Amino acid sequence: VRGTSQQRWHLQPPAEEEPRYIWLNAHGEKEVDCALPPEYGKAKLLLTSSLFDVNSEALVQFFKELPPPPGKAIWIGDATAGKRPWHAKSVYYASTYKNFAWKTGYSLKYVMLHKQKQGRKAMEKLLAGVGVVYIEGGDHMFLMSAIRNSSFAEVLRPKFLNGEVAVVGRSAGTLDAGLDMGFSTEKASADLLHGDFSGMALAGRCSVRGHFQAEEWHDKTRPLGVSQIFDEEAEAQFERTGRQNRLVTLSDGQALMITNGKSRIVP
């Protein structure tokens, strides 16, 4: 725009809006950047929404492609306690044990962290000789409380990063493995966490919201086709993490896979 000889005015482009949150696969992207640091070069992670219940053959194949390190496998089942029915732990364990053994050849050892002796020394003993840690679905906030109280994550992390232990999650286990595990409308055990929704941060800066096919997350009349509650949970998570969080959504039959220092959504 031309001004007087003494003064010139310039049209400024409109300022870009600050992102309300970062959603890595909002448009179906498969290659996602979880900002993995170099020490993730040997890490092996498979975070699923529904384990092998949907897209079974494909997800079993991706599990084998990690590949899982040698050693025994354990089932971390604390999410089946908490606010879940008293019989849930037996039902979940029996079903998962059969499924895992049949499809992968691994026999899962039953473990409830909140029933174990607590502390680093006890967790070192628990993880000795373990090659696969499977973290079950259910009450993710009760699970996170058990993980913190036992010092499980502190002992698991270095073994995970050096490739000694592969981690597989389902639903609650997948939520808790991320940078932040608070993206949920199920908060029955939230009082146990005292307002701290930080996760185990096994996926770099990514946090995962599974079961994305559920109706509560969708609204075709809104931007990106997501519901108001989705936006609210995503924004709150982004702010809680100092705007560092990178959201990944998974429908049943999908997984976030980390191997060879790279993160992607499969299949």
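The values are calculated or read from the model by the stated rules, or taken from the named source; none is laboratory data. Keep in mind it's a predicted model, so treat the numbers as computed, not measured. As a convention, Cβ positions derive from the backbone with ideal geometry for all residues, glycine included, and neighbour counts pool all protein chains shown. With ligands, DNA and RNA removed, areas are computed over all heavy atoms of the protein, side chains included. Shrake-Rupley method; radii C 1.70, N 1.55, O 1.52, S 1.80 Å.
Counting the residues of segment 179-208 that are open to solvent by less than 20 Å² (accessible area, probe 1.4 Å), under 16 Å from Y21 (Cα atoms) and of a type outside the set (G, A, S) gives 5. So is A58 small (G, A, S), in a loop (DSSP other than H, G, I, E, B) and surrounded by fewer than 21 Cβ atoms within 10 Å (Cβ to Cβ) or not? Against the criterion (small (G, A, S), in a loop (DSSP other than H, G, I, E, B) and surrounded by fewer than 21 Cβ atoms within 10 Å (Cβ to Cβ)), A58 does not qualify.
A quick yes/no check of all residues on (1) free of Cβ contacts under 8 Å to residues at least 60 places away in the same chain; (2) in contact with a Lys or Arg (Cβ under 8 Å, 6 or more places away or on another chain):
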position	(1), (2)
D139	no, yes
P158	yes, no
G169	no, no
A172	no, no
F183	no, yes
F197	yes, yes
R209	yes, no
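One residue alone among A79, A26, A94 is among the small types (G, A, S), over 22 Å from the mean Cα position of the chain (by Cα), closer than 27 Å to Q213 by Cα and at pLDDT 95 or above, and that residue is A94.
Please work out which residue is surrounded by the most Cβ atoms within 10 Å (Cβ to Cβ), limiting yourself to segment 61-97 and to residues that are touching a helix residue (DSSP H, G or I) at 6+ places or on another chain (Cβ under 7 Å) and assigned to a loop (DSSP other than H, G, I, E, B). That would be G77. Among the residues of segment 216-248 satisfying the criterion of being free of Cβ contacts under 8 Å to residues at least 12 places away in the same chain and in a helix (DSSP H, G or I), which is least open to solvent (accessible area, probe 1.4 Å)? Across segment 216-248, the extreme among qualifying residues is G225. Annotation for segment 151-167: no member residue is hydrophobic (A, V, I, L, M, F, W, C), assigned to a helix (DSSP H, G or I) and open to solvent by 40 Å² or more (accessible area, probe 1.4 Å).
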